[in-house]
Structures are given as structure tokens and as C-alpha cells.
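One structure below.
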Amino acid sequence: MPEIRIDPLSGGRTIIAGERSRRPGGVPGLSAREPALEPIDPEQDPFAEGNEDRTPPELYAIRPGGGPPDSPGWRVRAVSNLYPALDPSAPSTANPSKPSAPTRGPVELLESLPATGVHELIVNGPQPVASLAELPREQVLVAVDAWRERMRAHATSVCVQLIVNERREAGASLPHTHAQLYALDFVPAAVARERERFGAYATRTMGQNLLEDLVAEEVRLHERIVAIDDEAVLMAPYASRLPFQLMLAPRRPRLRFEDEGPSGAPLLHDGLCRLARHLGASPPLNLWVRTAPRGADHFCWRIDVLPRLTHLAGLELSTEVNLNIVAPEQAAALLRAA
């Protein structure tokens with residue numbers, strides 16, 4: 001029987017309706033309509049080693065053998081996005097001294113603000129592959145360390161969001177695996193809702209951490225756990241929005257992903273490889289790091305992975321209520337066995 005589940009972290013609602021996967025065309029997975037990925041052509045790949053002159057100037061790199069910026073021999077590179085969504089030179093709106101002037105009409109109806117911030121791109125490795133799962137485990141550990149280093153570089157930003165889009169179906173414009181970092185001067189509504197729920201939970205429970213208690217309960221129940229190691233816990237969230245959604249959370253809570261401490265990178269790679277093994281190939285997916293915005297007193301970082309095996313349709317787009325046709329308990333069991 002379908003049921004509505006409420007996400008403990010966001011308050012969002014998902015209808016879990018596993019029976020719908022039995023309808024014609026309802027089984028989620030990689031299908032014939034999704035074209036097989038062609039090998040990445042190094043000559044056409046601006047992120048390939050040796051093509052450093054095809055990107056904006058290097059901001060950061062891990063180059064074990066040394067060498068000048070924008071030269072070969074790197075393991076991870078960070079550059080400014082060639083087509084940035086944010087402008088670092090725009091005036092900040094984080095702490096305006098007076099209300100901003102309207103630009104397109106009355107301020108209470110049609111308001112516009114400068115898109116202030118920084119938009120970076122982090123090449124996850126020199127290997128010409130389209131997914132993190134295809135990289136060696138050790139390379140993923142190096143890439144995640146670079147993510148954290150670039151997030152630290154923007155510690156004064158109000159909110160830092162790091163994302164990975166894999167395959168064109170999930171928004172990747174270039175196939176070579178890479179992350180994007182957005183350093184924002186505001187707290188997005190989704191992050192603000194979670195911050196408020198963490199704070200309210202701490203108030204109700206005499207200082208307990210919401211995600212720490214959620215992880216403890218999920219480990220006790222075990223039915224949605226995919227894997228556990230010394231650093232982190234990988235699970236299918238209770239109110240998963242999409243089939244085979246994953247959440248990685250630290251064993252011990254920490255406000256910010258970029259702070260010193262375990263990153264969960266080994267278990268992240270393991271989870272992505274499990275997805276690829278179960279589905280037969282790495283699926284289109286969106287991955288993001290949720291870290292505490294500036295000034296948050298109660299929070300805990302995590303990594304969310306959303307495979308794009310089904311479409312967001314009218315219900316999801318019109319109500320923000322998700323419809324998931326694979327129960328997270330079933331997804332976790334399949335991935336444990338993968």
C-alpha cells in the first residue's frame with residue numbers, strides 16, 4: 001500500500017508506491033532509450049591532461065611531481081568556470097546596509113539582486129572517464145580532498161554548495177568527471193529549512209544532533225543501511241525522493257564537510273560502484289555535499305546521491321511532493337547484495 005513519508009532533515013514529503021514499478025515501463029533502470037556513452041576523445045576534451053590551455057587559469061592543483069600551474073602532471077585541478085553563473089565582482093547582498101533598489105518593478109513584487117559569488121570547476125582526475133565510480137578508489141580520495149580544500153578557500157561565503165552532475169541526462173555539459181563549487185552570499189531556502197530543523201531538534205532534545213540520532217536509529221533498524229565503515233554510514237534515506245537515492249553521513253557529527261576529520265570518500269566510492277554494478281553501468285546522477293552555512297550552530301554535513309532513473313513529472317514539479325516507485329528498503333537490499 002502506498003504511504004507518505006516525511007524526510008526528517010528537510011520536512012519534504014515523498015509518496016512511496018512500489019506497486020507502480022509493476023506498470024508497463026515502470027521498472028527503473030538504465031534503458032535502451034539512454035544512448036551508450038562514447039569513449040571520451042582526448043582531442044576534444046578540455047579537461048584532459050595536456051589540454052590545460054583550454055581552461056581558464058588554474059586556481060588550485062594537486063601536482064605530486066611539482067611543475068608550474070597549467071602544466072601536465074596533476075591529479076586534480078580547479079579552475080574558474082568558463083561560463084560562470086555567479087559574479088565575484090558584483091556587490092554583495094549578504095548584509096545590505098539598506099534595502100536594495102528595485103530594478104524591474106516594485107520591490108515587494110518584482111525584485112532582482114546581483115548574482116554575487118564564485119563558480120568554480122574541479123576536474124576530479126586526469127583519467128578520461130565520465131563518473132566517479134570509474135575512477136580508482138585512491139583517485140576519488142584525492143578528488144574529495146580537493147573538494148574540501150576549495151570549500152575551505154571560500155570559508156567566508158555565506159553558503160558553499162559543491163555538486164557533481166554525471167551524464168547529460170543529469171545536467172553535465174561535458175562528459176569528463178568534474179565537480180562544481182558555488183560560493184553563495186545567501187542561504188538557499190532548502191538549506192535554511194534544514195538549518196531550522198536541526199536547531200529546533202537540538203532545542204527539543206537538550207542539544208542532540210538531528211542527523212547523529214537519525215543515523216543511530218537507522219543503524220539500529222538496519223533495513224535501509226547499504227554499508228558502514230569506520231568513517232561513515234551509507235543508507236537509502238527513509239523518505240527517498242528517487243529510486244536508489246543514497247545518503248552518506250559521518251559516524252560522528254561535524255558541522256562542516258570541509259573541516260578536519262573523515263570525509264567518507266572510501267564509502268562514497270563504494271556506494272557509487274554498487275550502483276554501477278547493480279544497474280550494469282554508472283547511471284546519470286546528481287551528487288551534492290550539504291555543509292553548514294555560515295553562522296549555523298546545529299547542523300551536520302552529509303553527501304546526497306540522486307540517480308536519475310525516472311523523470312520528475314507533473315506531481316513533483318507542481319507540488320514538490322515526490323513519487324518514488326522503489327521503496328528504500330528494497331533499494332538498500334539490492335545494493336547490499338551488489
Can you pull out every residue in the range 314-325 that is more than 21 Å from the chain's Cα centre (by Cα) and among the hydrophobic types (A, V, I, L, M, F, W, C)? Leu315, Ile325
So how many residues does the range 295-338 have that are among the acidic types (Asp, Glu) and within 30 Å of Ser157 (Cα to Cα)? 3
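Considering only residues of the range 208-227 that are without any contact (Cβ under 8 Å) to a residue 40 or more places away in the chain and out of contact with any Lys or Arg (no Cβ under 8 Å at 6 or more places or on another chain), which is surrounded by the fewest Cβ atoms within 10 Å (Cβ to Cβ)?
Here is the first cut: in the range 208-227, the residues without any contact (Cβ under 8 Å) to a residue 40 or more places away in the chain are 208, 213, 215-222.
From what is left, the residues that are out of contact with any Lys or Arg (no Cβ under 8 Å at 6 or more places or on another chain) are 208, 213, 216-217, 219-222.
Numbers: Gln208: 14, Asp213: 14, Ala216: 14, Glu217: 11, Val219: 14, Arg220: 8, Leu221: 12, His222: 11.
Residue satisfying both the conditions and the ranking: Arg220.
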Of the listed residues (Ala239, Ala189, Ala202), the one being free of Cβ contacts under 8 Å to residues at least 24 places away in the same chain, aliphatic (A, V, I, L, M) and surrounded by fewer than 23 Cβ atoms within 10 Å (Cβ to Cβ) is Ala189
Any chance you could count how many residues in the range 249-295 are of a type outside the set (A, V, I, L, M, F, W, C) and part of a loop (DSSP other than H, G, I, E, B)? 20
Take the conditions open to solvent by less than 10 Å² (accessible area, probe 1.4 Å) and either part of a loop (DSSP other than H, G, I, E, B) or basic (Lys, Arg) (or both) and apply them to His154. Does it pass? no
State the number of residues belonging to the range 302-312 that are open to solvent by less than 60 Å² (accessible area, probe 1.4 Å) and either among the aromatic types (Phe, Trp, Tyr) or free of Cβ contacts under 8 Å to residues at least 24 places away in the same chain (or both). 0
Does the range 283-301 hold any residues that are open to solvent by less than 40 Å² (accessible area, probe 1.4 Å) and either among the hydrophobic types (A, V, I, L, M, F, W, C) or within 9 Å of the chain's Cα centre (by Cα) (or both), and which are they? Leu285, Asn286, Leu287, Val289, Arg290, Ala292, Ala296, Phe299, Cys300, Trp301
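The values are calculated or read from the model by the stated rules, or taken from the named source; none is laboratory data. As the structure is a computational prediction, the values presented were derived from the model and not from experiment. Here the Cβ is made from the backbone with ideal geometry for all residues, glycine too, and neighbour counts use every protein chain on show. These accessible areas exclude ligands, DNA and RNA; they are computed on the full protein's heavy atoms, side chains included. Shrake-Rupley method; radii C 1.70, N 1.55, O 1.52, S 1.80 Å.
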